[in-house]
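Comments concern the structure below.
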Amino acid sequence: MLTIDVAVLVAVITAARLRRRTEARSRNDEQVTVLIVLVFGVLVAPTASGPGVADVVGQLATGLTEAGR
């Protein structure tokens, strides 16, 4: 079974979204990108809320993975 650190997964998603052209983004797309970057910041920073956010994002990633099967 392959395991991926949630912070690494969010970093890859962030990098992929930021590589897109700025002119092609809608306002909603920019808001989603900002939300992803904020989640990444909480996951990387040693805060008390980090483990809670990691758990929520991990459950979301697990749900998406199982839905794709």
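The values are calculated or read from the model by the stated rules, or taken from the named source; none is laboratory data. Everything numeric in this text was worked out from a predicted model, so none of it was measured. Note: ideal-geometry Cβ built from the backbone for every residue, glycine included; neighbour counts use all protein chains shown. Calculation scope for accessible area: heavy atoms of the full protein, side chains included, ligands and nucleic acids excluded. Shrake-Rupley method; radii C 1.70, N 1.55, O 1.52, S 1.80 Å.
Suppose the chain between LEU35 and SER49 were pulled fully straight at 0.36 nm per residue; how much longer would it get relative to their current alpha carbon spacing?
Extra length from LEU35 to SER49 when fully extended: 3.5 nm.
As a test of reading the structure, rank GLU23, GLU66 by solvent-accessible area (1.4 Å probe, protein chains only), most first.
GLU23, GLU66
Sort THR65, THR33 by heavy-atom solvent-accessible area, probe 1.4 angstrom, most to least.
Largest accessible area first, the list is THR65, THR33.
Once label points are set 7 Å from the Cα along Cα→Cβ at both GLU66 and ILE13, what is their separation, rounded to one decimal in nm?
Using points 7 Å along Cα→Cβ, the separation is 1.7 nm.
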